[in-house]
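The values are calculated or read from the model by the stated rules, or taken from the named source; none is laboratory data. None of these values were measured; they are calculated from a predicted model. Note that each Cβ is placed from the backbone with ideal geometry, even for glycine, and that neighbours are counted across all protein chains shown. These accessible areas exclude ligands, DNA and RNA; they are computed on the full protein's heavy atoms, side chains included. Shrake-Rupley method; radii C 1.70, N 1.55, O 1.52, S 1.80 Å.
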Amino acid sequence: MKTKKKHSLFMAGYTLLLFVLFVVACNGTQTTTKTSTETLPTPVYTLSTDTVPFRFDVSNQAKFSSQQTKKNEYFCNITYPALNAQLYCTWHRIEPIDFSIVAEESHRLVYQHTEMATAIKEHLYANDSSRVYGILYDIQGNVATPLQLALTDSNSYFFNASLYFNSVPNADSIAPVLEYIRKDVVRLMETYRSR
């Protein structure tokens, strides 16, 4: 009889312990996720500098810088100091005959991640009125560049951008920040104009 009572008390205590651990684990997960997404500020957008032959909206949470390396080539960086991330961009003047070569090289660079990526999703973009066409690549998994994009008019320029985090790639830990920056990248695509 005493053994049966001890067993019942043990099971009740064990069940209570499991319940407490479950509640603590759930609350810990919820708090972490909630805090990491709620602390990201709402961006305000302004047009990038006019010192380069292209323009697009840039978030006030980012710093835009550019430089010309060759006559028909520019580099620009969109840095997120508070988020430990940077979007590296290049712009090339091209001839129509070079388009397929440049497009294939851009595609090849994305698919170099195949070994580490769990999936690569392509999102086509087209704005006929401004003649801007492109692809946004979502590269999932623990990869160095989880977002890449290419924009072009298929005739005179080719614009590439790759997002890097200044940390070891961990898809779970960067997910909220990646989602936040992805909205800026989509805004970049939608407002992009080449001159």
Could you grab me the full set of residues in the range 114-134 that are within 29 Å of Asn72 (Cβ to Cβ), of a type outside the set (Ser, Thr, Tyr) and surrounded by 15 or more Cβ atoms within 10 Å (Cβ to Cβ)?
Asn127, Val132, Gly134
Residue count for the range 36-78, restricted to those that are aromatic (Phe, Trp, Tyr), open to solvent by 40 Å² or more (accessible area, probe 1.4 Å) and closer than 18 Å to Asn160 by Cα
2
Quick one: would you say Asp153 is in contact with a Phe, Trp or Tyr (Cβ under 9 Å, 6 or more places away or on another chain) and acidic (Asp, Glu)?
yes
Among Asn166, Asn142, which is surrounded by fewer than 17 Cβ atoms within 10 Å (Cβ to Cβ) and touching a helix residue (DSSP H, G or I) at 6+ places or on another chain (Cβ under 6 Å)?
Asn142
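Conditions tested, residue by residue: (1) within 19 Å of Cys89 (Cβ to Cβ); (2) open to solvent by 20 Å² or more (accessible area, probe 1.4 Å).
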residue: Leu136; (1), (2): yes, no
residue: Ala171; (1), (2): no, yes
residue: Val177; (1), (2): yes, yes
residue: Glu190; (1), (2): yes, yes
residue: Arg195; (1), (2): yes, yes
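For the range 44-84, which positions are part of a loop (DSSP other than H, G, I, E, B), modelled with pLDDT of 95 or more and not small (Gly, Ala, Ser)?
Residues satisfying the conditions are Val44, Phe56, Asn60, Gln61.
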Among what's in the range 86-140 and is of a type in the set (S, T, N, Q) and assigned to a strand (DSSP E or B), pick the residue that is farthest from Ala171 (Cα to Cα).
Asn127
Residue identified as of a type in the set (S, T, N, Q) and in contact (Cβ under 8 Å) with a residue 24 or more places away in the chain among Gln148, Gln112
Gln148
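Could you say which residue among Leu109, Leu151 is open to solvent by 20 Å² or more (accessible area, probe 1.4 Å), closer than 27 Å to Thr49 by Cβ and not polar (S, T, N, Q)?
Criteria check complete, one pass: Leu109.
I want to confirm something. Restricting to the range 79-92 and keeping residues that are in contact (Cβ under 8 Å) with a residue 40 or more places away in the chain and under 18 Å from Thr49 (Cβ atoms), which single residue is most open to solvent (accessible area, probe 1.4 Å)?
Quick first cut of the range 79-92, residues in contact (Cβ under 8 Å) with a residue 40 or more places away in the chain only: 80, 83-92.
Still in the running and under 18 Å from Thr49 (Cβ atoms): 80, 86-91.
Values: Tyr80: 8, Gln86: 29, Leu87: 7, Tyr88: 96, Cys89: 4, Thr90: 33, Trp91: 4 Å².
Filtering first and then ranking leaves Tyr88.
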